[in-house]
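> Let me begin by handing over the structure; questions about it come next.
The values are calculated or read from the model by the stated rules, or taken from the named source; none is laboratory data. All figures in this text were calculated on a predicted structure; none of them were measured in a lab. Virtual Cβ from ideal backbone geometry, glycine too; neighbours counted across all protein chains shown.
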Amino acid sequence: MTDTLESLTERLDGVLTYIRDADARISQGEALELTSLDDNVSEICEGIAALEAEDAKEMEPLMAQLIDGLDKLTVTIKEQQDSMDAS
């Protein structure tokens, strides 16, 4: 089954919420398992690539938020790792 624009938007919204939550929890020192995040992001990206160009273009703002969220999460993880290494 091919994902629709609406289903991909819902999935991406869910991933964005998960990333924000994970970032907040990790910044407070909680350890999280993030392995499913990679798979979810890959599946969403593949789904977007399969959309008509016009529909895929509508996903750009959410994809920009995804990139920003992942960048922020990466920084937070690095900061926590540095903090643990310093202990």
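> What pairs come out if I take residues in segment 49-75 that are in a helix (DSSP H, G or I) and pair them with residues that are modelled with pLDDT of 95 or more and basic (Lys, Arg) whose C-beta lies under 9 Å away, six or more apart or interchain?
If the second residue must be modelled with pLDDT of 95 or more and basic (Lys, Arg), the pairs left are Gly69/Arg20; Lys72/Arg20; Leu73/Arg20.
> A further question follows. From the list Asp23, Asp13, which one is surrounded by 14 or more Cβ atoms within 10 Å (Cβ to Cβ), at pLDDT 95 or above and either of a type outside the set (Gly, Ala, Ser) or part of a helix (DSSP H, G or I) (or both)?
None of the other options fit; the residue is Asp23.
> If I filter segment 59-87 down to residues being more than 11 Å from the chain's Cα centre (by Cα) and surrounded by 14 or more Cβ atoms within 10 Å (Cβ to Cβ), which single residue comes out as farthest from Leu12 (Cα to Cα)?
Gln80
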